Amino acid sequence: MNEHDSEVISGMLAQRGYMELPESTETDGAHADPDIIIINTCSIRDNADQRFFGTLGQLKKLKAKNPDFAVCVCGCMMQQEHITDRIRRSYPWVDVIFGTHNIHEFPDMLEELYENRAKTERAKAAQPAPGAHQDYARAKHEIRSSRETRVDRIYEDTEEIVEGLPAKRLYTHKSFVNIMFGCNNFCAYCIVPYTRGREKSRCPEDILTEVKALSADGVREVTLLGQNVNSYRGVDRAGQQWDFTDLIYALNGVEGLERIRFMTSHPKDLSDKLIEAFARCDKLCNYIHLPVQAGSSRVLERMNRKYTREQYLQLVKKLREAVPDIAISTDIIVGFPGETEEDFRQTLELAEEVRYDSAFTFLYSPRPGTPAAEYEDQIPEEVKHERFNRLVEMMNRISAEKNAAYVGRVCTVLVDGPDKKSRGMLSGRTDEFKLVDFEGPEEITGKLVEVEITGSNTFSLKGRLL
């Protein structure tokens, strides 16, 4: 979701004539410094929060070097009052603050910043020049004027869904498509409902129009985005309600589109109708991300996940009955408050039974404002880390075993382009979302090609272009 928000921000700025700079660039032999930096934040883990404030501190030097430089911050962190209060109080060089509900306003907020600066400069020019300690006075004025000109606009929530925003895609052949926003689940550990607001589903015709336009522009694969896509409830212009599977079937008929993916999928809302669609829709990829979070029903209840261990395993059984070779990935939280060694053992046993293709594993991180942050039975850090290491070791073994089973197969790969780590190699994804590295001409980027899998490791496959 945040990645796609960043694409939209880039698209809006490009439409206004701004040019994106790489991290380091040379223009006419001299280093080209940016005029604007935008930091789009995430609140899922504490580590991201700390990195954000560290980066913000480093930007003070750029601001001192160039007072016209604009520092803009947005995203989920800005939807938390204690975060924005800290920025307003301690980081006067921040120029624009906006949240998750008003991304579409950012270009206008930037223009407002420049107008405020111009007014301040005119007022400053009308004053007598300072006498002694001129540099010190100017420095104090720059800090004060930054606060005075700051544009700060945060909305708690909004029912509005703004359509037609441009996006500067990372790839020309695949694209993210938001189908809904917000979340109503209120898992005990999660800040998202508080930062993204309540669930709002886009009109299905608007989604279809967007995907058809993307397909006409060369996009072969779309990833449908939502905090919980399974709870999509869009109402069409005839007043009829669509569920998520209805949308999948409609998108399956879009000419030129080759692949449909989605994330993320909440187990409590995974319907038999959607499971059947995996077998019936030829464009729906043979892959699902199905976060389990924990293997103990007791912990799942405390997490407010609204399903049991047994119900989750039954869903996996149904998925594999419908599509025997479906790839399944998951999220697992280690060290949730009150997690006992027995609870953690059940998580290990569930992961071993399901045999996930991959897993995103997290140490539990208390998020201020969530119920779990107030639980008194927090797990000591050393216990979390010890359990985490055991889980990762097991998951890496299973992932390596699952990948090894692909050796000798021929897979259809959507080519993403040159591999970032191996010179002369290309990389792409199979239908099952497996990363494949292979030799080939760069001209096949964006195409679906046949690749024989010749090797594997824990996180990727190696192949030979046929």
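Here, each number is a calculation from the coordinates, and none is a lab measurement. Quick caveat, the model's predicted, so the values are computed rather than measured. Ideal geometry is used to build each Cβ from the backbone, glycine not excepted, and the neighbour counts take in all protein chains shown.
Less than 15 Å Cβ to Cβ from Arg320, Lys/Arg counted +1 and Asp/Glu -1: what total charge do the surrounding residues give? Computed value for this residue: -3.
Highest mean first, what order results for 2-8, 166-172, 191-197 on Cβ atoms within 10 Å? Kindly include the intermediate steps, with their values, before the conclusion.
Numbers: 2-8: 17.4, 166-172: 15.7, 191-197: 21.6.
Peptide ranking by packing, descending: 191-197, 2-8, 166-172.
Straight-line reach from Lys61: taking Cα to Cα under 19 Å and skipping same-chain neighbours fewer than 8 places apart, the lysines in range are Lys140. Calculated from the structure at hand, percent of Cα pairs over 29 Å apart is found among (1) 57; (2) 47; (3) 52 as (1). With the simple spin-label model, which puts each label point 7 Å out from Cα in the Cβ direction, the Asn2 to Arg198 separation comes to 2.6 nm.
Peptide packing: for 208-218, 415-425, the average count of neighbouring Cβ atoms within 10 Å per residue gives the ranking 208-218, 415-425, highest mean first. Put simply, when 324-333, 70-79 are sorted by average Cβ atoms within 10 angstrom per residue, most first, you get 70-79, 324-333. Axis of helix 81-90 versus longest Cα principal axis of the chain: the two differ by about 30°, to the nearest ten degrees.
For the cross-link pairs Lys402/Lys462; Lys63/Lys421; Lys273/Lys402, the ones whose C-alpha atoms lie over 22 Å apart are Lys63/Lys421; Lys273/Lys402. From the Cα gyration tensor of segment 287-404, with a ≥ b ≥ c the square roots of its eigenvalues, which class applies: rounded if a/c is under 1.5, or else prolate if a/b is larger than b/c, or else oblate? Prolate, since a/c reaches 1.5 and a/b exceeds b/c. By the rule of a second cysteine Cβ within less than 4.7 angstrom, the chain holds isolated cysteines at Cys42, Cys72, Cys74, Cys76, Cys183, Cys203, Cys281, Cys285, Cys411.
Length gained on full extension, Arg237 to Thr209, computed as 0.36 nm times the residue gap minus the Cα-Cα distance: 8.8 nm. Counting only helical runs of four or more DSSP H residues, what would the 222 nm mean residue ellipticity of the chain come to if each run contributes -39,500 (n - 2.57) and the total is spread over all its residues? Rounded to the nearest 500, it is -12000 deg cm²/dmol.
Once you reduce segment 218-260 and segment 434-464 to the center of their Cα atoms, the two points are 28 Å from each other.
The angle between the Cα long axis of helix 2-15 and the longest principal axis of the Cα atoms of the chain comes to about 50 degrees, rounded to the nearest 10. Summarising the amide proton neighbourhood of Ala327: residues at separation of 5 or more, or on other chains, whose placed amide H is nearer than 5 Å comprise Tyr287, Ile288. What FRET efficiency, computed as 1/(1 + (r/R0)^6) with R0 = 51 Å and r the Cβ-Cβ distance, is obtained for Lys119 and Val407, rounded to the nearest 0.05? About 0.15, to the nearest 0.05.
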